[in-house]
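The values are calculated or read from the model by the stated rules, or taken from the named source; none is laboratory data. Being a predicted model, the structure only gives us computed values, none of them experimental. Just the protein is used for accessible areas: all its heavy atoms, side chains included, with ligands, DNA and RNA removed. Shrake-Rupley method; radii C 1.70, N 1.55, O 1.52, S 1.80 Å.
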Amino acid sequence: MPSPLPPKAERLDAFMARANAHYYASKPLLSDFITAPEISQVFGELLGAWAATVWQNMGCPAQVILAEAGPGRGTLMADALRLITRCAPDFARALDVHLIETSPLMQQAQKQALAPYVQPTWRDRIEDLPSGPLILLGNEFLDALPIRQFAQTPSGWHERYVMDGAFHLVPCDAPTLSDGRKLEPDTIVELCEPALEVARYLGQRFAAQPGVALFIDYGHHSTLTGDSLQALRHARPAHPLEAAGEADLTAHVDFTAFGATAQQAGANVYGAETQGAFLRTLGLMERTEQLATRATTEEAAILRSATHRLAAPEKMGHLFRVMALTSPGLPSPPGFMKGADV
Ligand code: SAH
């Protein structure tokens, strides 16, 4: 007998969307976790230089949308714009900056951070961006998007729902999974539909008009199975259901599915490269040493330790991955050793 759908049960993606909307709208960001742009200014600077090169690759369009999805405190974009204003003034003049952010609290922080450089326009969704040449950045954006979880049990496929702070498995039809992953009985498989919608939208858009997108996130290169839903509260793992709305809920990004979907929709795909290799190729070490020679001994030590944290394999260097999507016909974006690898 299949168990009936419990009353008031909420599908995991609906639960995660609601919990995260509350979390991002009410908690000062980064009280529970720290991200690459907050670790070192070099992160945003390198992405600013990356964007300037990409703009040149696009033929230096007179107007270009520079957008960031989920900009948090606005630190990445502020560091990027500081570098662009100083080192690439022609690119700075061409910029029309858009931020994809749903939380009013975050929008306020972003407005302050960018005040010295630009007055950005806010959008709820990537799909709401105006048409035209586009450069889009997203650090730890995709991992916050709601996932669904399925398990194949001896009595057929089940999907995870949430009720009264506990998981429930509810019988369902076989999910449509876009790849050939090996499904062991009873293991959880995850599906992030909003991320695949983003990939599909960008693939179609880049096939029709010039654009390049860069996503950096923790996730897997080849598709894995297993439960990757995690909650962080006060920098410590918490139970994902107990701290609902009070903790940051994320899941690993399935870069294989993301890249394959973008490619099918029409984009060229690069990566997923490791964050360590990507940042090193962009000049992480050189920029760190440049800043360190101008700094006090103590500041130089902090800079070098931040760089180590971003790039060392045992820190963020391997766990975090970088994927670029481009319009077909554009040159390879900087930082990728090889082409599509999905
Ligand atoms: N990129 C930042 C912040 C990462 S936290 C950094 O690296 O520090 C995730 C960010 O995405 C927050 O700004 C959050 O408010 C935003 N966000 C989460 N879900 C979103 C959604 N569905 N649509 C738009 N923004 C979202």
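Each residue of region 195-235 gets 124 Å³ once the volume of the Cα convex hull is shared out per residue.
Over region 13-148, the pair-distance histogram of Cα-Cα distances with 10 Å bins from zero comes to 12, 44, 33, 11, 1 percent, rounded to whole numbers. Shape summary of the chain, radius of gyration then Dmax from alpha carbon positions: 20.3, 71 Å. Overall, the accessible surface of region 78-146 at a probe of 1.4 angstrom is composed of carbon and sulfur to the extent of 48 percent. When shorter helices are ignored and each DSSP H run of at least 4 residues is given -39500 (n - 2.57), the per-residue value for the chain at 222 nm works out to -11000 deg cm²/dmol.
Using a 1.4 Å probe over the heavy atoms of the protein chains, calculate the carbon and sulfur portion of the accessible area of region 288-339 as a whole percent. Reported share for carbon and sulfur atoms: 57 percent.
Solvent-accessible surface of the chain, taken per residue with a 1.4 Å probe and all protein chains present: 44 Å². Heavy-atom accessible area with a 1.4 Å probe sorts HIS234, HIS239, largest first, into HIS234, HIS239.
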